[in-house]
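Enquirer: I have a structure I would like to understand better, so I am pasting it below and will then ask my questions one at a time.
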Amino acid sequence: MEYIFERITLDAELCDGKPTIRGLRITAQTILEYLFNGTTEEEILEQYPILEKGDIDACKKFALEMMNKNYRIKDVAA
């Protein structure tokens, strides 16, 4: 397991290699989807009592950091 950003971890054997929170079976994507759909942090913490507020903050920071990357679109043969 590798920590890639604060509390966000990568493990090829866990959740198909998606970024998870502290090596738990909860992906950063899951938490971000809840937030983007209007679920409050309090509701998320109620639903996932193993999480801490810092975990949710780390997911937000991780998403922002991913948007800070440079992406290139390449033409591919059809």
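Enquirer: If you check every pair at least six apart or on different chains, which have Cβ atoms under 8 Å apart with a residue in the stretch 56-72 that is assigned to a helix (DSSP H, G or I) first and a residue that is surrounded by 12 or more Cβ atoms within 10 Å (Cβ to Cβ) and among the aromatic types (Phe, Trp, Tyr) second?
Expert: ALA58/PHE5; LYS61/PHE5; PHE62/PHE5; GLU65/PHE5
Enquirer: How many of the residues in the stretch 10-33 are outside any loop (DSSP other than H, G, I, E, B) and in contact (Cβ under 8 Å) with a residue 12 or more places away in the chain?
Expert: Of the residues in that region, 7 qualify.
Enquirer: Do you know which residues across the stretch 34-78 are surrounded by 14 or more Cβ atoms within 10 Å (Cβ to Cβ) and either aliphatic (A, V, I, L, M) or touching a Pro at 6+ places or on another chain (Cβ under 8 Å) (or both)?
Expert: Of everything in the stretch 34-78, those that are surrounded by 14 or more Cβ atoms within 10 Å (Cβ to Cβ) and either aliphatic (A, V, I, L, M) or touching a Pro at 6+ places or on another chain (Cβ under 8 Å) (or both) turn out to be LEU35, ILE44, LEU45, LEU51, ILE56, ALA58, PHE62, ALA63.
Enquirer: For the stretch 9-22, state whether one or more residues are over 14 Å from the mean Cα position of the chain (by Cα) and surrounded by fewer than 13 Cβ atoms within 10 Å (Cβ to Cβ).
Expert: yes
No value in this document is a laboratory result; all are computed from the given coordinates. In this text the structure is predicted, and so the values were computed from the model without any measurement. Here Cβ is always computed from backbone atoms with ideal geometry, including for glycine, and neighbour counts include all displayed protein chains.
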